[in-house]
1. Subtract the Cα-Cα distance of A:Ala126 and A:Ala147 from 0.36 nm times their separation in residues, and report this length gain in nm to one decimal.
2. List, in order, the whole-Hz ³J(HN,Hα) value for each residue of region A:65-82 obtained from phi through the Karplus relation with A = 6.51, B = -1.76, C = 1.60 and θ = phi - 60°; use x for Gly and Pro.
3. Considering all alpha-carbon pairs of chain B, what whole percent are spaced by more than 22 angstrom?
4. Provide a list, ordered by number, of residues in region B:80-98 showing at least 20 Å² less accessible area with every protein chain present than when their chain is taken on its own, using a 1.4 Å probe.
5. Quick check: residue separation of A:Asp26 and A:Arg8 times 0.36 nm, minus the Cα distance between them. What number comes out in nm?
6. For region A:152-196, list log₁₀ I(q)/I(0) at each q in 0.23, 0.24, 0.30 Å⁻¹, using the Debye formula over Cα point scatterers of equal strength and ignoring solvent, two decimals each.
7. Can you list residues whose amide H is under 5 Å from B:Cys133's amide H, if they're 5+ apart or on another chain and H is modeled 1.01 Å from N?
8. Quick one: accessible area per residue over chain B, 1.4 Å probe, rounded to a whole number of Å²?
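The values are calculated or read from the model by the stated rules, or taken from the named source; none is laboratory data. Computed from a prediction, not measured in an experiment: that's the story for all the values here. Counting neighbours? That spans all protein chains shown, and the Cβs are built from the backbone with ideal geometry, glycine included. With ligands, DNA and RNA removed, areas are computed over all heavy atoms of the protein, side chains included. Shrake-Rupley method; radii C 1.70, N 1.55, O 1.52, S 1.80 Å.
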Amino acid sequence: MSPKRADRYPLRRRAVVAALLKGRGDLLVVAGLGAAAWDCTAAGDRDLTFPLWGAMGGAAMIGLGLALAQPERRVLVVTGDGEMLMGLGSLATLAAQAPANLAVVVLDNERYGETGAQLTHTAGAADLAAIARGAGIRRCATVRDAAGFKRLNAGLFGKPGPSFAVVKVRAENLPLVLPPKDGTELRTRFRKALGL
Amino acid sequence: MQAQPSAPDWPAAIHRQLKAWNVRQVAHVPDAGHARLLALCGADRSMRVVTLTTEEEGVALLAGTWLGGERGALLMQSSGVGNCVNMLSLPRTCRLPLLILATMRGEWGEFNPWQVPMGQAAKPALELAGVACFRAEAPAEVEPTVAAAARMAFEGPAACAVLLAQRLIGAKTFGK
């Protein structure tokens, strides 16, 4: 097992996120800080996407609060492996609440991408889907290729919720596509688009 | 310290205020001082109690709660304040409501020295992170203090904490 194996993973993060958000309908999106937020913005800056510039480790919990408050809407958290590793306890909290309208997708490039591509623990032995399963989330998957991702994307939401997926993506440096940075603007446009 | 017979039932008063402010999500890492309030919230069908693994999860949760149009409150003991510090940048930067109800340890008659550092640092730490703090020392002060903090939190919006003094709760002992 090479620590640099992610340099050769076939799935590319921008295409994965574009497919996740294609025809998103009423989907509410929380984007974890760093590359996951840039990927979501590259797919189209939308009022009903809440991109984070900080709050590392909090993306899944923001998604949970949103999913519980909006049970009729689907909520997708798109985040990175480093961000998820900082909030592992939240996986047990998600499992305990078990909302069927929540899905968490981790774009796992096995790197801290914004800080110099240092390896995360998923480059070694850590298995986020196994951790999520152990935390009590029943629908967990790791996908590594186009066929696996296609199946995943077709069945992200449903019972028993929530679902948790690790998408192994190539480690690559991509052009920055930045969302608005003003937190009050982001939260105001989000709530306005929800009619609040 | 035992409450006086005529003293208000302050956990019930907090529950009453949470209901009055339409709080729907009650996130917590438990504390003995919050046990009765947690039982009241757990029995209330209009509230969802969300048990956390660490208090910072609650700060993030309640950001999502409000983004989705509901209100929440975060219950913790004072040692949990230290677990929240960076996540408090979220309500501050986005100007979100946050209502924290923290039971204090490490002050009045504390027997456990491990509780003292964070107990003593809780209020300055919250204030450094931009959370306005209000203390309640006596049972009769609890309801108006929670009402005032909730108004400031939800009508601001702002991040506010009510610190429930250890003298109010009674210093914990292990029966010694």
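1. Working: separation 21, 0.36 × 21 = 7.56 nm, distance 2.37 nm.
Value of the extension gain: 5.2 nm.
2. Result, ordered by residue: x, 5, 5, 6, 6, 10, x, 8, 9, 8, 10, 10, 9, 10, 8, x, 5, x Hz.
3. On the way: 5849 of 15400 pairs.
Result: 38 percent of Cα pairs exceed 22 Å.
4. Listed in order, they are B:Asn86, B:Met87, B:Leu90, B:Thr93, B:Cys94, B:Arg95.
5. Numbers: separation 18, 0.36 × 18 = 6.48 nm, distance 3.44 nm.
The A:Asp26-A:Arg8 span can extend by a further 3.0 nm.
6. Reported log10 I(q)/I(0), two decimals: -0.86, -0.85, -0.95.
7. Correct list: B:Ala161.
8. For chain B, the per-residue accessible area is 42 Å².
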